[in-house]
């Protein structure tokens, strides 16, 4: 999008250099300003793409080169509109005399078009009357008229009522400063209208043909030079809905629109110009019959499909000179790209086959642009380039389940998540159908689980029917086990995908057994055993939710000194406060904490300040030296200091629920 931001500066510079001197001069390099000034007064840039026919007269002096569809432009200078060079004078000091619109067009390089006008007997009317706006095709444009249009041009030769010629002239003076994002003006051909569009890229079009040179003043109007002959036969008085419904190339699309009452929705949009990207019947045939039938029978998927093919603005291919996006009828945006071969929409080439209607235009497409809601879960994953997940699905033999059945919710690890695993772990997943299937099923659950329906500490059963998934609601994030959701709520035809930042491994070991297996936590384990037995035991199952344990190592306890440890182990009440200060109700994985923020977590005793400084998690003064040890009780983060109760914290844990502690 760099070309667009640059263009904004350039256009401001063209509008008023005196203003730019005070405001935007710093945005143009000094060498460019010096070079432009060396051209003298009234010299303007002509922008070209070498080796192509692409050329624009900018009527602007201070203009930077850019890229047009990936190709660098070069700049040269000519005299601005209405000026010419005078020998011995700097720049363009001579002022051209004004001439009528035909003579002006002839001087600008539309000699073939003007000759055709003269042969038709219109020169007297257009040379003397006015004011007019003439859209004059260049000689190159006139020489390259398509064969069918050329035959019609020749058939009207010498006819003063020539509809093609009259379609190039409006009975009023319309300069570019009055152009809008979408503007229609009447012509001398029975009032038939031209559609003018002004784009954020700086491009100007008339009936989707490029205006290459604008605002050439004449005694009886203004001339705009264009790169194609305008064809009134390519414009229909009907609206775009009627064009689709009556054009036999779009019978599948028309039927879907009819069944969804979509034509009515389009007409209800009012006079706003729209673009229908209309897949041909052959485009729909590229989709397997069973998939297409499933999409068209699903009301929501069908509606999403239709909405995805309607842009809420007129789309003219010449306007796309860099990567861009345009909003659809559903509110999402379609990606537009261009290269030397032309413009693509979501990777599908935009053909130069369009029909203009009274309220927009219809482009024929060779491919169907499937929105997420019309894709199955595997098509969604494929569109997100989740290749390792797709590989495991294939190895695990669950392709049919996720493509044809549902509804399911899948938490899919990103590619980065898979490749952050130890190589041996990933290879083990790939080693057999059973292991690949187990890994995939653990990341999925029944039903459509959208993030706006998730509540904190919610538990859902995974599709492996053995291991639950614990969900957490964080501030500005959703967690699932050790992961957080990076991209949420991609809703497809048979379910929902959430992309997560870690691969999840079933936690089928208790916190106590995990610590015993890890070693180096004897003191904490001893303390837990002492406070979780008896009539006044500390119960970790408070509220039936998982917990987050900040567990000090034995070395951390040793820093307190043997006397402090012995006294604490003998004083049950004091020991309970120490243990409670290391336990936070709820599951907080390490990625729930963002850099340079301070989180106040309510422990079972008081409040713990947690913050991430660069890549290090700090809990009060302790550093987390090992994160995300998942277990059936929650998650363990290992710390290097004991979190002793502070003076203002209660002498007893805030949570006093009895239990035998057997599950720790």
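The values are calculated or read from the model by the stated rules, or taken from the named source; none is laboratory data. A quick note: this is a predicted structure, and the numbers were derived from the prediction, not measured. So basically every Cβ, Gly included, is an ideal-geometry build from the backbone, and we count neighbours across all protein chains shown.
Observations on the structure shown:
- Residues (in a helix (DSSP H, G or I), more than 30 Å from residue 249 (Cα to Cα) and touching a residue at least 60 places away in the same chain (Cβ under 8 Å)) located in segment 378-402: 381, 402
- Screening 389, 418 for residues that are over 18 Å from the mean Cα position of the chain (by Cα), crowded, with 20+ Cβ neighbours inside 10 Å, under 29 Å from residue 297 (Cα atoms) and modelled with pLDDT of 95 or more leaves exactly one candidate, 389.
- One residue stands out in segment 132-158 among those that are part of a loop (DSSP other than H, G, I, E, B) and touching a helix residue (DSSP H, G or I) at 6+ places or on another chain (Cβ under 9 Å): the one that is farthest from residue 211 (Cα to Cα), namely 158.
- Scanning segment 33-52 for residues that are without any contact (Cβ under 8 Å) to a residue 40 or more places away in the chain and within 32 Å of the chain's Cα centre (by Cα), we see that the one that is surrounded by the fewest Cβ atoms within 10 Å (Cβ to Cβ) is 50.
- Against the test of being assigned by TED's automatic domain parsing to the domain that holds residue 438, closer than 30 Å to residue 304 by Cα, in contact (Cβ under 8 Å) with a residue 12 or more places away in the chain and touching a strand residue (DSSP E or B) at 6+ places or on another chain (Cβ under 6 Å), the options 486, 491 yield a single qualifying residue, 486.
- Of everything in segment 53-88 that is over 23 Å from residue 322 (Cα atoms) and free of Cβ contacts under 8 Å to residues at least 24 places away in the same chain, the residue that is surrounded by the most Cβ atoms within 10 Å (Cβ to Cβ) is 85.
- Taking (1) assigned to a loop (DSSP other than H, G, I, E, B); (2) under 22 Å from the mean Cα position of the chain (by Cα) in turn, residue 287 satisfies each apart from (2).
- Test set (1) outside the structural domain of residue 227 (by TED's automatic domain parsing); (2) part of a loop (DSSP other than H, G, I, E, B); (3) over 30 Å from residue 345 (Cβ atoms) - residue 78 fails condition number: (2)
- Among the residues of segment 326-348, those that are out of contact with any helix residue (DSSP H, G or I) (no Cβ under 9 Å at 6 or more places or on another chain), loosely packed, with under 14 Cβ neighbours inside 10 Å and modelled with pLDDT of 90 or more comprise 327, 333, 335, 339, 347.
This table checks each residue for (1) modelled with pLDDT of 95 or more; (2) closer than 17 Å to residue 41 by Cα; (3) out of contact with any strand residue (DSSP E or B) (no Cβ under 6 Å at 6 or more places or on another chain).
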| residue | (1), (2), (3) |
| --- | --- |
| 74 | no, no, no |
| 91 | no, yes, no |
| 101 | yes, no, no |
| 105 | yes, no, no |
| 109 | no, no, yes |
| 119 | no, no, yes |
| 128 | no, no, yes |
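- Residues of segment 305-323 include none that is free of Cβ contacts under 8 Å to residues at least 24 places away in the same chain, closer than 18 Å to residue 372 by Cβ and not assigned by TED's automatic domain parsing to the domain that holds residue 490.
- When segment 467-486 is filtered for residues that are modelled with pLDDT of 95 or more and not in a strand (DSSP E or B), the ones remaining, listed by number, are 467, 481, 482.
- Residue within segment 56-75 that is assigned by TED's automatic domain parsing to the domain that holds residue 142 and more than 30 Å from residue 154 (Cβ to Cβ) present: no
- Restricting 182, 247 to residues that are surrounded by 15 or more Cβ atoms within 10 Å (Cβ to Cβ), in contact with a strand residue (DSSP E or B) (Cβ under 9 Å, 6 or more places away or on another chain), modelled with pLDDT under 95 and not assigned by TED's automatic domain parsing to the domain that holds residue 125 narrows the list to 247.
- Note on segment 185-219: residues that are outside any loop (DSSP other than H, G, I, E, B) and surrounded by 15 or more Cβ atoms within 10 Å (Cβ to Cβ) total 20.
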